[in-house]
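> Supplied in structure tokens, the structure appears directly below.
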Amino acid sequence: MAFIKIIIHAVWSTKYRQPVMTNDIRGKIIHHIRENARIKDIYIDRINGYTDHLHCLMRLNADMSIAKAMQLIKGESAFWANKEKITETKFEWANEYYAASVSESALQKVRDYIDGQEKHHHKRTFQQECAEFLDRYGIKGEG
């Protein structure tokens, strides 16, 4: 049996960064993602976001890649949102996502950051946040 603890901070947005997740819609999507992740054996420590994106702090199990976890979370939640018609138009996530490992020593800081998304985005746009995320974690790519 493998004993691992891999904690990932992932961020993804709605397609074209459309601000379709009102508090009510975002709450429904987050609740569904938590329930689906539990069934798929993905432990979600924190999940929160704003009108156009979500942050998720999750622990992967021994046989789960980041790509598989993101497929299970993003793909299934968009399918569910459309089946339930929780938005007036088709709900879609953007293809890209950002993910980085989180050390035990930084865990509480990341939790606080995710919990404070609404307040945080009164000062900073998602584009600014993405650039900061990529820079902070040393990720090279498009932001």
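The values are calculated or read from the model by the stated rules, or taken from the named source; none is laboratory data. The model shown is predicted, which means the values in this text are computed figures rather than measured ones. Counting neighbours? That spans all protein chains shown, and the Cβs are built from the backbone with ideal geometry, glycine included.
> Please pick out the residue among Phe126, Phe133, Phe91 that is over 24 Å from Lys28 (Cβ atoms) and not polar (S, T, N, Q).
Working: Phe126 fails: over 24 Å from Lys28 (Cβ atoms); Phe91 fails: over 24 Å from Lys28 (Cβ atoms).
After applying the criteria, what remains is Phe133.
> Going through Gln108, Gln117, Gln71 one at a time, which residue ends up being among the polar types (S, T, N, Q) and either in contact with a Phe, Trp or Tyr (Cβ under 8 Å, 6 or more places away or on another chain) or touching a residue at least 24 places away in the same chain (Cβ under 8 Å) (or both)? Talk me through it step by step, then tell me what you get.
Numbers: Gln108 fails: either in contact with a Phe, Trp or Tyr (Cβ under 8 Å, 6 or more places away or on another chain) or touching a residue at least 24 places away in the same chain (Cβ under 8 Å) (or both); Gln71 fails: either in contact with a Phe, Trp or Tyr (Cβ under 8 Å, 6 or more places away or on another chain) or touching a residue at least 24 places away in the same chain (Cβ under 8 Å) (or both).
Answer to the check: Gln117.
> Then there is this: Go through the range 54-81 and give me each residue that's in contact with a Ser or Thr (Cβ under 7 Å, 6 or more places away or on another chain) and modelled with pLDDT under 95.
We begin by selecting, within the range 54-81, every residue in contact with a Ser or Thr (Cβ under 7 Å, 6 or more places away or on another chain); these are 81.
None - no residue of the range 54-81 is in contact with a Ser or Thr (Cβ under 7 Å, 6 or more places away or on another chain) and modelled with pLDDT under 95, so the list stays empty.
> Related question: Scan the range 1-31 residue by residue and report those that are among the aliphatic types (A, V, I, L, M) and in a loop (DSSP other than H, G, I, E, B). Break it down stepwise before answering.
Within the range 1-31, the subset among the aliphatic types (A, V, I, L, M) is 1-2, 4, 6-8, 10-11, 20-21, 25, 29-30.
The answer is Met1, Ala2, Ile4, Val20, Met21.
> Over 21 Å from Ile139 (Cβ atoms) and aromatic (Phe, Trp, Tyr): which single residue out of Tyr50, Tyr97, Tyr43, Tyr113 fits that description?
Details: Tyr50 fails: over 21 Å from Ile139 (Cβ atoms); Tyr97 fails: over 21 Å from Ile139 (Cβ atoms); Tyr113 fails: over 21 Å from Ile139 (Cβ atoms).
Only one candidate passes the filter, namely Tyr43.
> Can you tell me which residues in the range 74-93 are of a type in the set (Phe, Trp, Tyr) and either without any contact (Cβ under 8 Å) to a residue 40 or more places away in the chain or over 16 Å from Lys40 (Cβ atoms) (or both)? Don't jump to the end; show me each part of the working.
Pass one, the range 74-93, residues of a type in the set (Phe, Trp, Tyr): 79-80, 91, 93.
Residues satisfying the conditions are Phe79, Phe91, Trp93.
> Restricting attention to the range 6-20, does a residue exist that is modelled with pLDDT under 95 and farther than 24 Å from Thr125 by Cα?
yes
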